[in-house]
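**Q** Questions regarding the structure given below will be posed in turn.
Since every read-out is calculated from the coordinates, none of them should be taken as a lab result. Note that the structure is predicted; figures quoted are calculated from it, not measured. No Cβ is skipped: glycine too gets one built from the backbone with ideal geometry, and neighbour counts run over all protein chains shown.
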Amino acid sequence: MLNLERGRQLLYLSRAEIEGLQVSVDEVREAVEAAFHEKAAGRVEMPPKPGIHPAPHAFIHAMPAHLPGLKVAGIKWVSGYPDNRRFGLPYITGLLILNCPETGVPLAVMDCTWITEKRTAAATAVAVGRLASEQARRLAIFGAGVQGRANTDALRRVCPRIREVAAFDPSDEARATFEHEVAGWGLRVEQAKSPHQAVTDADIVVTCAPIVKNPQPVIPPEWLKPGSVVASLDFDATVTAAVAHAVDGMWVDDGDQFEYYRRHGHFAGMPTSYQELSALVSAKHERRAPSDRYLVVNLGLALEDMATAQLLYQRALARNLGTVLPC
């Protein structure tokens, strides 16, 4: 096991090294769920993420969090650039720093691309696994890129009756990659020609399009079947405010952050009454009626990143993986 000289040495984990740790999707979900239990107990310090916007529809966010119950503190510096595929680069890039909560000393720096992918999908699974019907068989994915695939993988584990996935994406390449990977999991993939075709008859809808400054959402409540659950991961880019008013229950991952972004122009027309995901995680939720429809708005939280990074850091130490750098 690696024995770093704390305060004088730093562990660096590249994306390849993180993937080499072979942390499972289920392990990430369990870590994220534990973080939401900490939030429900009031044991999380996490301000809404500030950001800068150097290019149209692009962002770079700072995401700090401290979870004393999990003995983890740190910050993620993450960017999202929709046009990066022109350069053969991923939409999401960035770094995460873990600090020792007792001394403030930096312990590790790691690539955050894999972390962001897996923890986002894990948060979806934590929520939808509690809200979706046990009979849910059809999943709709709006945005068939990295998050579309990751969310499908996470959801098939908590909703094992899922058999078919309808995917909509304007990119032929994204749809083809999605079908190749998802079909390998034994799921039937339908390449939807329109958002309406994808959403129709879906038991679960996940929207993971790029986040944009001036959204033009397309999914109205009339498209959603009775008993369905919608997980919006792209702010208000895809789901209309009318959906939020029409559903029988609405959850956000963090109320302070939701209101922060409302003040900055997002979520116009959305209700001011909702529940937090941590309350759903900490209490047994009973579906009130088979026809009830639910909406979950997950903006992405630093507590998810820190819980996942802590898992990776401990695994790296145990397996002697990573690059030790002098401070």
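**Q** Give me the number: length gained by fully extending L89 to Q216, i.e. 0.36 nm times residue separation minus the C-alpha to C-alpha distance, one decimal in nm.
**A** Result: 43.2 nm gained on full extension.
**Q** Which of the following values of log10 I(q)/I(0) by the Debye sum over Cα atoms at q = 0.07, 0.11, 0.12 Å⁻¹ was calculated from the structure shown: (i) -0.40, -0.88, -1.00; (ii) -0.27, -0.67, -0.80; (iii) -0.35, -0.76, -0.86?
**A** Identified label for the calculated read-out: (ii).
**Q** Which value in nm describes the separation of the simple spin-label points at Q314 and N3, placed 7 Å from the Cα toward the beta carbon?
**A** A separation of 2.1 nm, rounded to one decimal place.
**Q** Calculate how steeply helix 172-183 sits against the longest principal axis of the alpha-carbon atoms of the chain, using the helix alpha-carbon long axis, and give the answer as 0 to 90 degrees to the nearest 10.
**A** Around 80 degrees separate the two axes.
**Q** What does the charge count around L187 come to, taking other residues whose C-beta lies under 15 Å from its C-beta (Lys +1, Arg +1, Asp -1, Glu -1)?
**A** Its environment carries a net charge of +3.
**Q** Can you compute the label reach from L325? Point 7 Å from Cα along the Cβ direction, backbone N cut-off under 15 Å, restricted to the range 60-100.
**A** Only 75-77, 94-99 pass the distance filter.
**Q** Next up: In nm, to one decimal, how far is the T103 label point from the V25 one, both placed 7 Å along Cα→Cβ?
**A** Here the answer is 3.9 nm between the modelled labels.
**Q** Now for a different question. If the chain between R137 and E259 were fully stretched, how many nm would it gain, using 0.36 nm times the residue separation less the Cα-Cα distance?
**A** So the chain would gain 40.6 nm between R137 and E259.
**Q** Which of K49/K284; K49/K118; K39/K118; K39/K213; K49/K193; K76/K284 have a Cα-Cα distance over 25 Å? Mind dumping the intermediate values first?
**A** Values: K49/K284 29 Å; K49/K118 19 Å; K39/K118 19 Å; K39/K213 29 Å; K49/K193 35 Å; K76/K284 31 Å.
Beyond 25 Å: K49/K284; K39/K213; K49/K193; K76/K284.
**Q** Hey, another quick one. Would you mind calculating the relative contact order of the chain from Cα pairs under 8 angstrom and at least 6 residues apart, reporting the percent as a whole number?
**A** This gives 23 percent for the chain.
**Q** Tilt of helix 146-158 relative to the longest C-alpha principal axis of the chain, in degrees (0 to 90, nearest 10)?
**A** Between the helix axis and the principal axis of the chain, the angle is about 80 degrees.
**Q** Order these by the 10 Å Cβ neighbour count, fewest first: C327, C159, C100.
**A** C327, C100, C159
**Q** Calculate the spin-label point distance for A62 paired with A246, positioning each point 7 Å from the Cα along the beta-carbon direction, and give it in nanometres.
**A** Reported label-point gap for A246 and A62 is 4.1 nm.
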